[in-house]
Number of protein chains: 2
Amino acid sequence: MSLFTPPAPGRQPDPHLAHRRATASVTVHGPDGAPLADQVVTVRQRSHDFGFGCIGFDLIDHANGVSADPDADAALAEHWLALFNRATLPFYWGRFEPEQGLPHTQELLGAARWFQEHGAEVKGHPLVWHTVSAPWLLQYEPAEIERLQRERIRRDVADFAGVIDTWDAINEVVIMPLHTKVENGITRIARELGRIEMVRLAFEEARSVNPQATLLLNDFDMSSAYECLIEGVLEAGIRIDRLGLQSHMHQGAWGRERTEEILERFSRYNIPIHFTETTILSGDLMPAHIDDLNDWQVEHWPSTPDGEERQADEIEEHYRTLFSHPAVESMTYWGLSDRGMWLGAPGGLLRADGSPKPAYDRLRRLITEEWWLAPTTLRTDTAGQVQFEGFLGTYEILTAAGSVDLHLERPGMYGVSLHPGDG
Amino acid sequence: MSLFTPPAPGRQPDPHLAHRRATASVTVHGPDGAPLADQVVTVRQRSHDFGFGCIGFDLIDHANGVSADPDADAALAEHWLALFNRATLPFYWGRFEPEQGLPHTQELLGAARWFQEHGAEVKGHPLVWHTVSAPWLLQYEPAEIERLQRERIRRDVADFAGVIDTWDAINEVVIMPLHTKVENGITRIARELGRIEMVRLAFEEARSVNPQATLLLNDFDMSSAYECLIEGVLEAGIRIDRLGLQSHMHQGAWGRERTEEILERFSRYNIPIHFTETTILSGDLMPAHIDDLNDWQVEHWPSTPDGEERQADEIEEHYRTLFSHPAVESMTYWGLSDRGMWLGAPGGLLRADGSPKPAYDRLRRLITEEWWLAPTTLRTDTAGQVQFEGFLGTYEILTAAGSVDLHLERPGMYGVSLHPGDG
C-alpha cells in the first residue's frame, strides 16, 4: 500500500519562530483552593525539544573510562554537554565488527548509556552502507551477504533497544548501486535487489525487532534523485519516520537561499526532517571540482583566524535557517573538535587544542541564550495567574506552594494549576 | 506487484555487432522435391529491424498536401525516406489542442498515415508533459486538470490506434514537479500526485484503450535521479515497455565513453532502450553554464565548415556506439534540416537550403551500406544450399524456382526451403 500522501505545499520558514514556541498560563491556588494573587513564580527551562546534535565518536573512550588523554577528554565532554542534547554514534559495519562475530557491542553500549545518562538521546549511524563496509562480506555470495546484512540489523537494533531507539536505517542509497570505488558486499547486493528493496530490507528488519524505533533514510544527494527515491520508497509502502539530509559543506557553505530551496523540496513529503551531518569549515575550502569528498587528501589543513570568523557567521546563518523552518526537527554537527576530524578538515567548533572557536560561542549564545528562556521570576495577578512564553521543551515552575514540571510540546496555549502540596 | 527484476549486469557493447546479425541457410528444391545444385539465388535486404528514426514535424504539411514550399518539401521528404524508418510526430498538448475541444487530429492522422505508407513506424510525442502544455488547463482545479489529462490520453491513443501504436507516454518526469519556469497545469498536478502516480496515470490510461501499444518513459536526466525514478515506477508495478533516453548535445557531444557509461547504467533494468532525441551541432556549441537549453536565444546560429566536419565525426561515433550496444533498439535524430530547428540550432543533417551536410552522407553510408546487405548473388552447393549473413531485418530471396520473404528477427541461424511454385 502506497504511503505517498499528496505532498503539502512546501512549508514556509518563519523567522519569528512561532512554530518553536508555546505560551503557558499557570494558576496558583491557596490551601482553600482559591487562586492566590501576588505570589512569586519562578520559571526555569530544563531542556529543548529541538534536537541540537553532534557526533559522539571521540567521547567513546571517555564514556567507557578508558581515555588516553583524560584531561583533554573531560574538557571535550564538558564542551559537548554544554551545547548538545543528541548524539550520533558510529556503527560502520567494518569498524563495529572488523572480525565476523566479534562486534564491539559493549564498547558502544557503554558510550550510548553515558550520553543517555547525561541527557542526550542517541542515534546509531548507520545500519546499512556501502562505505566502511565489513571486508569479510566479500567472501560470500550475494544471497548470503543479504542474509548477514539482515541479521546484523536485527542483532544490533535488538542489543541497543532502550538505549538507542533512533537509527540511520540506511545511508546514501542514491549512489549505493553505483559505488565502485571500493569493492564491497553492499553495492553488490544493491545492484541485484535495487535501491527500493535495499531500503525495505533496512527498515523492515530494524522495525521487526524494535517497533518503536525512529528510523531515518539518510543521504547527501540533495538533487531530485533523492526526491525520486523517496517517492519510490513511499509508493512501495515503506514507512520513513524521519528524512535525513546531510550537509557537509567542505566546498563552501550553502547559504540561506540554497538551504531554503532544499527545505522547500524535501518538506513536501510530510516527513519531519533531520539535518544529520553538517560540516562548515574554518579554513581553506575544498576545491569545487572534487566530486567525492574522500578524494581530497591534504597533509595539513589549518583553521585560520579569517576562516574562523567566516565559519561563525555561516554556522549561525545555517542554524537560524534550519530553526526557522517548521519541517526541521533536529540538526547534528559533524564533529565538535578539529582533533580527529573527518578528512583532517578544520570543521570543528573547537580547535585541535580544545579551545573554542568563535562558532562555538556563537552557537552557545543561540542555543542557551537567544533560544532559551532565562530563569524568570513573575508575580501572579488577581486571578492567581502568570503567563510566560517559552521555546518548546521542558520547564520547572516553582512557587512557595510547590513546584511542577511542564512540557511545552507544541505551539499553543498550556494551562497549569499549582495547588498546595504539589511538587 | 513489483515489476522490478534483479537487473542483469549492464550489457556490454559488441563492436562486432553479433547481436545485430543472423545467418540464413536457404535450400532450393526441384519439382521432384530434390535439392537443386548450382542454382542462382539473389538476396535483397528490404528493411532494418533497428529503428533509425527522425522527427517528422516539418513534413506534416507535405504529407497533408498543403506544403507552402512543395519543391523544397518534396526534396526534404526524399532525404528523409532515404535514411529513416521511424518517425516521431508532435502531440504537444498546447499545440495539438490550442483551443479546448478542437484537437488537430485530422492533420496528424494525415501525417502519420503518410509515414506509415512510406514504411516508417510512427511514435507520438508526448501524452503528458509540463512544457508546451495547454494554457487553458490553468483555469481548472487540480482534480479537473487530472481528469482532462486522463481523458486526453484515452482520446488520442484511441483515435490513432493502428496508425500510431508507440507513444512517449510521459516526458521528463524527474523535473516535472519542479518546473516553475512557465506556470502550467501539469506541474500543478505532479506536485499533488507525485511523480510515480503521474507515470501510472499516463501508462494506465494509454494502455486501457490500446493494450498493444508500446509505451515509453522518456527523460533527458541521465543522472541517478532517472534511475531512482525507474526503480520506483517498476516497484509500483507500472510496466514500462521501452526506456527513452534523450541526448540533445547542444553543449558538446557526449563521446563514446560517456555514452557507454550511461548505457551501462540504464541497460541494467532489462528494458530495451530507445535513444529518442539526439541533437549534435555543426556550429558553435551552447555555453556549458546554460542549465535549461531553452534559455539560449541567439539571433543567428550558423552551420560552419569546421562544425560540419566535427558533427559528421561525432554523429558517426554516436551511431556506432549505440548500434554496438545490445540494449539499444532505436535512435531518433531530432531534426533533419536546419530549417526550423529547435532553438535555431545548426543541428540538422541538411543545411537550411536543403543541401546535405557531411553528417547526412556519413549516416547514409552507415545505414544503407555498412549496416546493409548489398544485393547478393549466390549459387547453391551440391546440397542445394546457400548461406548468407545479414543484419536483422527483412529480406527477399529470389531464384528461378520462385521467391520468398524472410525476416531475420534475432541473432542465430535461420533455415528456409524454396520449392517450385513458391513466391
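Some points to look at:
- Taking 7 Å steps out from each Cα toward its Cβ at B:E316 and B:Q106 produces label points 4.8 nm apart.
- Across chain A, C-alpha contacts under 8 Å between residues 6 or more apart give a mean separation that, scaled by the residue count, equals a relative contact order of 29 percent.
- Cysteines in the protein assembly as shown lacking a second Cys C-beta under 4.7 Å: A:C54, B:C54
- Links that overshoot a 30 Å alpha carbon limit, given the list A:K123/B:K181; B:K123/B:K181; A:K181/A:K357: A:K123/B:K181; A:K181/A:K357
- Stretched out straight at 0.36 nm per residue, the stretch from B:T5 to B:A383 would grow longer than its current Cα-Cα span by 131.4 nm.
- Estimated distance in nm for a label pair at B:E369 and A:S208, the labels positioned 7 Å out from Cα along Cα-to-Cβ: 6.3 nm
- DSSP-defined antiparallel bridges as percent of all bridges, the protein assembly as shown, nearest 5: 40 percent
- Interface A-B: total buried accessible area of about 2100 Å², 1.4 Å probe, protein heavy atoms only.
- Residue range of chain B that is longest and free of GluC sites (Glu not before Pro) which are both DSSP loop and sparsely packed (at most 12 other C-beta within 10 Å): B:184-298
- The local environment of B:I196, defined by Cβ-Cβ distances under 9 Å, has a net charge of -2 under the rule Lys, Arg +1 and Asp, Glu -1.
- Relative to the dominant Cα principal axis of chain B, helix B:105-117 is inclined by about 20°.
- For the stretch A:155-265, the relative contact order works out to 29 percent when only alpha carbon pairs closer than 8 Å and six or more residues apart are counted.
- The local environment of A:N218, defined by Cβ-Cβ distances under 11 Å, has a net charge of -3 under the rule Lys, Arg +1 and Asp, Glu -1.
- Probing with 1.4 Å while keeping every protein chain in the model, the per residue accessible area of the protein assembly as shown equals 41 Å².
- For the segment A:172-178, counting C-beta atoms of other chains within 10 Å of every residue's C-beta and taking the mean gives 3.
- Estimated D of the stretch A:81-181 in µm² per second, where Rh is the Kirkwood radius over Cα pairs and Stokes-Einstein applies at 20 °C, 1.002 mPa s: 149 µm²/s
- Cα gyration tensor category, rounded, prolate or oblate, for the stretch B:270-350 with a/c compared to 1.5: prolate
- Divide the volume of the convex hull around the Cα atoms of chain A by the residue count and you get 165 Å³ per residue.
- If a spin label sat at a point 7 angstrom from the Cα of A:H419 along the line to its beta carbon, the backbone N atoms of the stretch A:361-386 nearer than 20 Å would be those of A:383-386.
- Annotation for the stretch A:199-263 versus the stretch A:279-312: alpha-carbon center distance of 25 Å.
- Axis of helix A:70-83 versus longest Cα principal axis of chain A: the two differ by about 60°, to the nearest ten degrees.
- Cα-projected label distance for A:D353 with A:R46, points at 7 Å along beta-carbon direction, nm: 4.0 nm
- Charge tally around A:T131: other residues with Cβ under 9 Å, Lys/Arg +1 each, Asp/Glu -1 each, net 0.
- Between 0 and 90°, nearest 10: helix A:305-323 axis offset from chain A longest Cα axis: 70 degrees
- Label point of A:W296 set 7 angstrom out along Cα-Cβ; within the stretch A:334-359, amide nitrogens under 14 Å from it belong to A:342-348.
- Whole-angstrom gap from the stretch A:341-394 to the stretch B:100-165, using each part's C-alpha centre: 60 Å
- Measuring nothing but protein heavy atoms, the accessible surface of the protein assembly as shown at 1.4 Å probe radius is 50 percent carbon and sulfur.
- Peptide-level mean, for A:26-32, of C-beta atoms on other protein chains within 10 Å: 0
- Cα gyration tensor category, rounded, prolate or oblate, for the stretch A:120-244 with a/c compared to 1.5: oblate
- Mean residue ellipticity (222 nm) of chain A, computed from DSSP H runs ≥ 4 via -39,500 (n - 2.57), nearest 500: -9500 deg cm²/dmol
- Gyration tensor verdict on the stretch B:1-124 (Cα atoms; rounded if a/c is under 1.5, prolate if a/b is larger than b/c, oblate otherwise): oblate
- Full extension of the chain between B:T23 and B:Y140 yields a length gain of 36.3 nm, computed as 0.36 nm times the residue separation minus the alpha carbon distance.
The values are calculated or read from the model by the stated rules, or taken from the named source; none is laboratory data. What you see is a predicted model; the values in this text were computed from it and never measured. Methodologically, a virtual Cβ is constructed for each residue, glycine included, from the backbone with ideal geometry; neighbour enumeration extends over all protein chains shown. Quick note on the areas: whole protein, heavy atoms, side chains included, nothing else; ligands and nucleic acids left out. Shrake-Rupley method; radii C 1.70, N 1.55, O 1.52, S 1.80 Å.
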